[in-house]
Amino acid sequence: MGLAVKNPFISGGIRGIKLLRQRNQTLEAMSALFPGHVWTAYPDGSPEYLSQSIREYTGIQISNSYANFDDVIHPDDVATNEHYWEALSAGRDPDELELRIRRADGIYRWFLCRTRAIRGMNGALVGWVCLNWDIHDRKIAESRVRSEGQNHKTKEAIREREAQLDWLIDAVPGFIWTTDAAGSIEYVSKQAEAYTGRSLHELTINGWFDLAHPDDYATVTETWAQSVKSGTTYDTVLRLRAADGSYRWFWCRAKAIRNARGDITNWYGLLTDIHERKIAEERLRHKESHLRRLVDAMPAMIWRATPGGEIDRWNRRMLSFIGKTGEEIDGKTLFSLVAPDERTRVHRHWQQCVLEGLSYQDTYQIMGADGRLHWYLVRGEPLRDETGEILHWYGVCTDIDELKETEVALQQHEHQLREITETIPAMIWCTDADGQPTYYNRRMIEDTGVDISETRDLGYKKMIHPDDWESVIQKWTQDVQTGEHHTNVFRMCHMRREDAQYRWYQVRAEAMRDADGNIVQWYGLNIDIDEQKCAEDSLRKVQTQLTRATQIATVAELSASIAHELNQPLTSVIANAYACRRWLAANPPNLDEARSSVDAILRDGHAADETMLSIRTLFKRESLKKSQFSIPDMVRDAVRLLKEDPTMRDAAITLEFPSNFPDANVDQIQIQQVLINLMSNAIEATENTGRTPKIGITGNVVDELLVTVEISDNGDGIADLETLFEPFVTSKAKGMGIGLAVSRSIIEAHYGTLTARNNLDQGATFSLTLPIFSLADEPQTAAPRD
């Protein structure tokens, strides 16, 4: 029944297993119809498939179907069976074999065994197909004939065998045909007649070569002629036309039958339909070709290894990198190219993954054909069948040489950057997109005395002065939500000092965004400005004191001047008034003298009026230097200056200007003084209300010539709008009443207007209008003096 089994290796992976199962199912169905035993073998003769009939006869279970069948062969026939298979393996055709096979109940019966080779399209041997007929009764009959002569039972046995052979021919899944020694058709099976649509008579007369596909005709006829001439086995693949005109692929094989003298008497052939297999092979070859081109085009080195880890395939890119052909390298070449100091470790790692069937990944240097070591990321994955057994290993080597160089350079840059951030004389910090701290430099940790873990979830509150905390967290939360540039000034606890004093810091932070504009993290810088802040506060106090002293001196001087100018005309008015009263009190009244005194009073009154007009000129005229300036920028500068005053820092000031707000033609210093005065008044308007000052500053374009700026507060409003801009009129306990008068004079000197109104809900709004362009006929003007 064949040679000992050697654990055959079935190629093709899952696809091969599926095809094997389909073929076994087909053979099982055919063998059920065949009055005998059908089985197939691998090229070495070891059983591949056993029909159900042979398993039932021998009693061999399915799990033991591939055992050594020498056990079921009669001991006297074992040597004959081995010689038979040795002849087949050597390429000889020993024709038939008769041997005894043990039945399941221990009884031996005679069987006739016929074996035919199965070859692939390239002529290579791929297996054997074997048929066993039970000839036990015939052998007994022949024994009797030899002893008693041929009798009637022998003839019946022969006729029975012939009937079995005829039935077998019709049941074989293929077209069986025979020819004479010259190659002329003598017989075809019924399936052949049905497929071609021609009868045996027609095929005998006309032949069958015209049924071959035109592209196959020359090869088929030439090969057949050579086989008939030389007597060699005819073996080819061709497309054969069916009765409906379609073509199907067939495997055609024929063998010569010789007489005792060795002369060819007949040819016996078999046409096997392999159309589906051929189409599948063509598709497979196309896919394999496409996959090969794809693998060769991949920008990486791709390889394959056996289940034991021996590398046996390389793509073109890998061969080019190594500088060798596929014939010049073997499975150990790649490891020999690994950097010497890594070679042992890499090999052990690979063997460990192969042993455990785990995914492989490693990074190391490989020597290229250029003589240089290149960094590669090497990965390998096992390909398994349905049972989980590893069929192959597939791997890829990705060039990461530039990545490694970049990584080294990045590490150096990162080290340098860290050294810079650690040595900068300022606090540097980072947070995530939500504002949670992620990094403090060494300076910040040392100065604040806290670790980053202590400041998460608003834990940094203990670092900030209690009076500054509300404004700090409000400003930071708003900027984190909007993504705006963050800037602030507040006091932080400085732990480096023994008394843990609070120091002033200027804080700035910017958001880092990704390609889509989403905030990834925040980078911040805290600069110690405590000494500068203290100096500024001291300077402001001195300036405030100096300003107040100057104001007092100015008012005193102004009062003395006004008193001096008005003293003489007022004295005359009083003297003439007394005189008039005397003249009128006389008896009789001296009306002429009284009239003369009244005229003197009127004269002296007009003189006092002229004196007042001359005093007003002190406030009205001085040369202005006008240019085009940005009103929003002046407003921001004024806000910044106000914020320097500790009493005005808590005020919430909002600005709203159109993006295309034009510049105005003004004297920057004078207009800025007006803005500061108006904003100071707006802040002071809430002193006795208990409300936090909220100032709104908006800008609008009136037309192509004028712009308007409005300053609104949330105070109690203005009690007397009519006298608001008159000199020396004030609602403040300590005010002198000249600020708004001077402000209106400055605006009017710019050919603008300054008005005021009370808001509907609370507070008041001051509105000033300024020209955008310089007037062509504008006279030389003067601004009022402070």
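The values are calculated or read from the model by the stated rules, or taken from the named source; none is laboratory data. Quick caveat, the model's predicted, so the values are computed rather than measured. Cβ atoms come from the backbone with ideal geometry, glycine included; neighbour counts cover every protein chain shown.
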Name the one entry in Thr272, Thr223, Thr236 that is under 19 Å from Tyr187 (Cα atoms), surrounded by 13 or more Cβ atoms within 10 Å (Cβ to Cβ) and among the polar types (S, T, N, Q).
Thr272
Out of Glu722, Glu710, Glu704, report the one residue that is free of Cβ contacts under 8 Å to residues at least 24 places away in the same chain and either under 52 Å from the mean Cα position of the chain (by Cα) or not in a helix (DSSP H, G or I) (or both).
Glu722
For the stretch 361-415: of the residues being under 24 Å from the mean Cα position of the chain (by Cα), part of a strand (DSSP E or B) and of a type in the set (A, V, I, L, M), which is farthest from Asp312 (Cα to Cα)?
Leu377
Note on the stretch 744-781: residues surrounded by 15 or more Cβ atoms within 10 Å (Cβ to Cβ), closer than 23 Å to Phe661 by Cα, among the hydroxyl-bearing types (Ser, Thr, Tyr) and at pLDDT below 90 are Tyr751
Need the failing condition index for Thr272 against (1) closer than 30 Å to Tyr234 by Cα; (2) in contact with a Pro (Cβ under 8 Å, 6 or more places away or on another chain); (3) part of a helix (DSSP H, G or I), just the number.
(3)
Qualifying residue in the stretch 691-707 (condition: over 21 Å from Val635 (Cα atoms) and at pLDDT below 80):
no
In the stretch 354-366, residue modelled with the highest pLDDT [restricted to those that are among the hydrophobic types (A, V, I, L, M, F, W, C) and surrounded by 18 or more Cβ atoms within 10 Å (Cβ to Cβ)]:
Val354
Filtering the stretch 31-46 for residues that are within 16 Å of Arg114 (Cβ to Cβ) and either surrounded by 23 or more Cβ atoms within 10 Å (Cβ to Cβ) or at pLDDT below 80 (or both) leaves a count of 8
Cβ-Cβ distance below 8 Å, separation of 6 or more or different chains: which pairs start in the stretch 28-51 with a residue that is outside the structural domain of Leu99 (by TED's automatic domain parsing) and end on one that is crowded, with 20+ Cβ neighbours inside 10 Å and at pLDDT below 80?
none
Where Asn518 falls short, out of the listed (1) closer than 30 Å to Thr692 by Cα; (2) surrounded by fewer than 16 Cβ atoms within 10 Å (Cβ to Cβ); (3) of a type in the set (S, T, N, Q):
(1)
Is there a residue in the stretch 424-431 that is part of a strand (DSSP E or B), aliphatic (A, V, I, L, M) and closer than 30 Å to Trp504 by Cβ?
yes
Looking at Asp434, Asp457 in this structure, which one is closer than 15 Å to Met512 by Cα, of a type outside the set (Ser, Thr, Tyr) and loosely packed, with under 14 Cβ neighbours inside 10 Å?
Asp434
Single match in Arg292, Arg345, Arg285, Arg317 (criterion: surrounded by 15 or more Cβ atoms within 10 Å (Cβ to Cβ) and not in a loop (DSSP other than H, G, I, E, B))
Arg317
Meets criteria (modelled with pLDDT of 85 or more, exposed (fewer than 12 other Cβ atoms within 10 Å of the Cβ) and not in a strand (DSSP E or B)) for Asp166
no
For the stretch 312-328, which positions are aromatic (Phe, Trp, Tyr) and within 13 Å of Gly371 (Cα to Cα)?
Phe321
What number goes with the only condition from (1) in contact with a Lys or Arg (Cβ under 6 Å, 6 or more places away or on another chain); (2) over 20 Å from Leu760 (Cα atoms); (3) at pLDDT 85 or above that Asn714 does not pass?
(2)
Can you work out which of the residues in the stretch 432-444 that are part of a strand (DSSP E or B) and of a type outside the set (Phe, Trp, Tyr) is nearest to Asp457 (Cα to Cα)?
Pro437
Of the residues Arg418, Arg496, which single one is of a type in the set (Lys, Arg), loosely packed, with under 15 Cβ neighbours inside 10 Å, in contact with a helix residue (DSSP H, G or I) (Cβ under 9 Å, 6 or more places away or on another chain) and at pLDDT below 80?
Arg496
Are there any pairs, at least 6 apart or on different chains, whose C-beta atoms fall under 6 Å, with the first in the stretch 431-451 and within 14 Å of His494 (Cα to Cα) and in the same structural domain as Arg513 (by TED's automatic domain parsing) and the second of a type in the set (Gly, Ala, Ser) and part of a loop (DSSP other than H, G, I, E, B), and if so, which?
none
The residue from Lys255, Lys278 that alone is part of a helix (DSSP H, G or I) and charged (D, E, K, R) is Lys278
